[in-house]
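J.: One structure coming up, written as structure tokens, with questions to follow.
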Amino acid sequence: MKIVFCSKFYFLNGGTERYISELMPQLSSMGHTPIPFSVRYAGNWKSPYSQYFLPPPGPADQARFETIRLTPMSLIRHLDRSVYSFEARSYLSRLLDETGGADIAYLLNIYNYMSPSIIQTFRQRGIPVALQLGDYHLLCPAYLFLRDGRPCTLCIGGAYRHGLRHRCIKHSYPASAVRVLSMYIQKWLKLYHLVDAFIVPCRFMESKLVEGGFPADRMHLLHYPVSAPPREPADRRGDYILFFGRVSYEKGLDTLIQAYQQISPDVDLVLIGKDYDGEKERLQRFILPEYTRRIQFLGFKDGQELSRWIAGALFAVVPSRWYDNAPISIYESYSHETPVVAANLGGIPEQVEQGVTGRLFSPDSVDELREALLWMLSDRERLRQMGKAGKDFVARWCSLEGHAGRLLEIFVRLRSRSY
């Protein structure tokens with residue numbers, strides 16, 4: 001089967017790209033042909049198909065919108081890619097002509113740099129489309145269902161005007177206007193209703209999509225896959241609590257820092273991840289002088305170095321304040337036999353079994369998180385048992401081989417339909 005992978009980044013930028021980098025070789029080993037379609041950025045992985053990639057909206061070395069030096073041409077291209085891109089359709093058509101078509105299109109992160117216009121190109125050629133969802137882009141102008149620091153679903157039924165009214169995109173009327181307009185145009189064109197299968201990581205996201213008007217019979221639950229970590233010695237645990245992920249407001253790290261400073265622990269707090277929108281500087285204002293050496297910001301880590309930090313933690317904390325769908329950091333923690341304390345909202349309760357693989361607390365509750373931290377630290381043997389239960393969970397539901405097999409079953413069913 002020839003499978004076109006569509007994603008705006010083809011280099012390691014986050015969880016989506018890590019997923020692509022692991023899934024494509026796995027599918028190749030199973031006898032299938034993955035074909036990437038992306039944007040031509042500096043630092044992309046090598047590919048024989050890169051000549052068919054889209055030109056970037058701005059300079060090739062500026063992949064994130066906030067780093068792009070806007071010119072009239074780059075601004076026009078950004079508007080084009082955010083709303084409906086004939087250019088993207090043209091480049092995709094060239095790729096499909098060169099490869100002799102495809103059996104399946106797998107769309108992962110196409111927003112703003114590629115546009116959903118490419119869905120029409122696939123459908124006009126009789127190629128079924130599966131869309132993997134990692135956030136609430138189809139339902140919320142700001143992607144996160146978060147407004148003024150609290151969950152918000154005002155736009156879920158298609159009333160996207162609330163996104164402009166509340167300036168949900170970077171607190172900017174122009175940016176919010178572009179995003180809201182693009183959502184109305186894409187809804188009018190029914191672009192996302194041309195999708196044959198929505199691949200969701202949790203039932204919570206499925207329920208929100210159905211509430212937003214998408215067909216329930218096109219929803220397919222697939223847990224994110226995680227690779228088995230390197231083997232570590234049994235006594236590898238250190239004396240620290242760990243957070244790893246984006247250092248950004250919706251992750252709720254201010255709640256974690258405040259709760260940690262109330263328990264007078266004999267363990268450190270280690271925070272690993274890339275800083276977004278100056279969040280690290282904001283968080284440092286919450287740190288009391290006596291804790292400056294106990295709370296460590298280590299920046300971005302990846303690969304074996306990140307694996308060692310996860311494996312050495314007593315437990316990980318996921319203090320999200322948005323409707324986090326199914327943070328892969330939870331599964332990665334489990335794969336290292338590291339239990340998790342996490343906020344009780346979104347899809348997280350589907351991942352963390354209370355008292356079995358970790359502990360849940362009400363989002364933004366410093367008091368409840370403090371109690372959860374104390375409970376976890378009170379029994380090291382219980383931590384070991386919860387870590388083993390977590391590893392059993394990912395072995396059962398999150399292996400790369402199992403994920404690829406279940407994904408292929410969906411693709412085969414889609415191909416069996418007539419177009």
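Bear in mind these aren't lab numbers, they're just calculated from the coordinates by the rules spelled out. Just so we're clear, the structure is a prediction, and the values are computed from it rather than from any experiment. Using ideal geometry, Cβ is built from the backbone for each residue, glycine included, and neighbour counts are taken over all protein chains shown.
J.: Would you give the gap between the C-alpha center of the stretch 91-109 and the C-alpha center of the stretch 347-419, rounded to a whole Å?
T.: First find each Cα centre; the distance between them is then 34 Å.
J.: Rg/Rh for the chain to two decimals, with Rh computed the Kirkwood way over all alpha-carbon pairs.
T.: 0.96
J.: Eigenvalues of the Cα gyration tensor times 5, then square-rooted: what semi-axes does that give for the stretch 80-128, in whole angstrom, largest first?
T.: Computed over the stretch 80-128, the values are 18, 11, 9 Å.
J.: Averaging the inverse of every distinct alpha carbon separation and then flipping it gives the Kirkwood radius. What is it for the stretch 240-397, in angstrom units?
T.: 15.3 Å
J.: Ranked by Cβ crowding within 10 angstrom, fewest neighbours first, how are Phe11, Phe145, Phe86 ordered?
T.: The most exposed by this proxy come first: Phe86, Phe11, Phe145.
J.: Using only the alpha carbons of the stretch 92-237, what is the convex hull's orientation-averaged projected area in square nanometres?
T.: Seen from a random direction, the Cα hull of the stretch 92-237 projects 12.6 nm² on average.
J.: If neighbour count is taken as other Cβ atoms inside 10 Å, put Trp375, Trp188, Trp309 in order from fewest to most.
T.: Trp188, Trp375, Trp309
J.: Something else: Could you list His32, His193, His223 so that the one with the fewest beta carbons within 10 Å of its beta carbon is first and the one with the most is last?
T.: His193, His32, His223
J.: Assuming R0 = 41 Å, can you tell me the calculated FRET efficiency for the pair Trp375 and Tyr276, based on Cβ-Cβ distance, to the nearest 0.05?
T.: After rounding, the FRET efficiency stands at 0.85.
J.: Can you divide the C-alpha Rg of the stretch 365-419 by 2.2 N^0.38 Å and report the result to two decimal places?
T.: 1.98
J.: So what's the stretch 302-367 giving for Cα Rg divided by 2.2 N^0.38 Å, two decimals?
T.: Its radius of gyration relative to the 2.2 N^0.38 Å reference: 1.07.
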